[in-house]
Every structure is written in structure tokens, then in C-alpha cells.
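What follows is a short report on a single structure.
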Amino acid sequence: MALRGKKILITCGPTWVAIDAMRVISNRSTGELGHLLAKRLSVANAKVTLLQGPVTHAFESSKVRIVNFCFFEELAQQLKNELRSRYDCIIHAAAVSDFKPKETFTQKIASNKNFRLDLVPTPKLINMIKAKQPKVFLVGFKLENYMNHTRAVKETKELFSKAKCNLVVANFMDESGYEALLLEKDRNLLGKVKSKTELARTLVTVLSQRL
């Protein structure tokens with residue numbers, strides 16, 4: 001009952017940046033966590049909007065408002081559009097491209113020659129969220145090759161200081177499986193989970209206590 005009527009925005013899935021008229025740079029995000037969260041939060045009667053990247057298996061639900069995107073610029077614009085409306089919580093789980101080509105070619109590059117691709121950093125979209133909605137409860141994510149509590153505190157520092165996140169999920173995945181640590185802005189460790197299903201369940205429980 002605690003989440004009934006709460007407006008929650010979730011971003012999920014990979015984010016493309018263009019190389020040329022046909023090719024893109026992407027990543028391996030599946031959007032699974034965003035889908036699990038959207039399902040659980042809608043069951044809890046929250047009003048959920050899902051900004052969904054180019055996932056292999058799209059999420060469908062009559063109880064969730066779904067907005068699809070592919071490219072970094074599309075996600076940036078959609079976030080700006082959504083931030084015109086007030087949200088109680090934003091869960092920024094999309095795997096946003098960290099780099100983009102310095103130059104995008106308007107035609108398809110010939111495949112029979114070598115070429116060099118120079119990459120430059122993309123803006124951190126999460127940093128604009130609290131600037132637009134200071135009171136929103138913001139959940140950010142930090143993916144690394146390995147995480148323990150000490151490293152999680154170090155690697156999530158900017159998400160708390162610059163993005164002003166209320167909660168950060170520090171996660172990693174390797175051949176042994178998936179693991180995530182949940183930290184609050186005072187670096188307090190709320191919990192450690194061993195699967196995305198468990199993470200979704202834990203996050204919904206935390207949100208029901210915080211919103």
C-alpha cells in the first residue's frame with residue numbers, strides 16, 4: 001500500500017551512439033532489472049513510466065507507460081521531457097553510453113579500408129536529474145568489474161556528491177554470477193544481493209519505506 005499512486009520513472013536497457021549511417025556502438029545491457037522493477041512496482045500500484053532502450057526482449061504491460069529509445073540523444077531528450085512532470089522516484093538503471101565518436105559519419109563507411117575512431121566522453125545524464133527535481137528520490141547505478149564495500153564506497157562517491165543520489169546500487173557480474181551492494185548517501189550499506197530478482201525485490205522494499 002505504501003507505493004500506491006507514487007510516480008516512478010525507470011530507465012533501462014542499452015544506449016546506442018552512432019558511428020555512421022548504419023553502425024552503432026552499444027553494450028550488453030539486457031534491461032532485465034528495469035523490467036523486474038517495472039513489474040514489481042506496478043503490482044504495488046505505483047504509477048510507473050519505463051524509458052526502454054533497444055533491448056532484445058521488450059517489456060509489455062498495460063499497467064506501465066512505456067517510452068522506447070535507441071540513441072543517447074533520444075534518452076537525453078526523453079529524460080528532459082519527463083522531468084517537466086513531478087516524480088516521487090527516478091531509478092536510472094539504463095546502461096548509458098560513456099563515450100561517443102568525436103565525429104559521426106553521415107554515410108556508411110566502406111568496409112574495405114581501415115579507419116580510426118576517436119571517442120569523447122558523453123555528458124552524465126544522471127547529473128541533471130536533481131538539478132531539475134531536487135526533491136525526487138534518485139537511485140543510481142555503478143557497474144564495475146568487482147565490488148566489495150570498500151570499493152563500492154569509493155566508486156560511488158561522485159554519484160552521491162555530483163548527482164546527489166539518495167541510493168546507489170554498486171554491482172558487478174562475472175563468470176560466477178551477479179552481485180550488488182545497496183548504499184545510502186551516508187555510505188551506509190543497506191544490503192548485498194546475489195541476483196537481479198533479489199535486487200528488484202529489495203529495492204522495492206526500500207522504496208516502500210523511503211517514499
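Only the coordinates and a few stated rules stand behind these numbers; no lab work does. Keep in mind the model is a prediction, meaning the values are calculated, not measured. Using ideal geometry, Cβ is built from the backbone for each residue, glycine included, and neighbour counts are taken over all protein chains shown.
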Kirkwood Rh over Cα pairs of region 1-101 into Stokes-Einstein at 4 °C, 1.567 mPa s: D in µm²/s? 93
Cα-based Rg (one decimal) and Dmax (whole number) for region 62-107, in Å? 13.7, 43
GluC sites (Glu not before Pro) within region 1-99: DSSP coil, no more than 13 neighbouring Cβ in 10 Å: GLU60
Residues with amide H under 5 Å from that of THR122, placed H, sequence gap 5 or more: PHE99, LYS100
Quick one: which residues, 5+ away or cross-chain, put their amide H under 5 Å from the amide H of ASN27? H built at 1.01 Å from N. THR15
What number do you get for region 29-185 when its Cα radius of gyration is normalised by 2.2 N^0.38 Å, N = residues? 1.15
Which order do TYR146, TYR87, TYR178 fall in if you start with the one that has the fewest other Cβ atoms within 10 Å? TYR146, TYR178, TYR87
For region 32-43, 3J(HN,Hα) per residue [Karplus equation, 6.51 cos²θ - 1.76 cosθ + 1.60, θ = phi - 60°, Hz, x = Gly/Pro]: 4, 4, x, 5, 4, 5, 4, 5, 5, 5, 5, 5
Under a Cβ-Cβ cut-off of 14 Å, what is the net charge of the residues other than SER61 that fall near it, where Lys and Arg count +1 and Asp and Glu count -1? +4
Can you give me the relative contact order of the chain as a percent, contacts being Cα pairs under 8 Å and 6 or more apart? 21
What list of ³J(HN,Hα) couplings, whole Hz, do you get for region 74-83 from phi and the Karplus terms 6.51, -1.76, 1.60, once you set θ to phi - 60° and write x for glycine and proline? 5, 4, 4, 5, 5, 4, 4, 4, 5, 6
Give a residue-ordered list of calculated ³J(HN,Hα) values for region 12-29 (Karplus: 6.51 cos²θ - 1.76 cosθ + 1.60, θ = phi - 60°; whole Hz; x for Gly, Pro). 7, x, x, 10, 8, 10, 7, 9, 9, 5, 10, 9, 9, 9, 9, 8, 8, 4
Could you pull out every residue, at least 5 positions away or on a different chain, whose amide H is within less than 5 Å of the one on LEU143? Hs are placed 1.01 Å off N in the peptide plane, and Pro or chain starts have none. ASN171
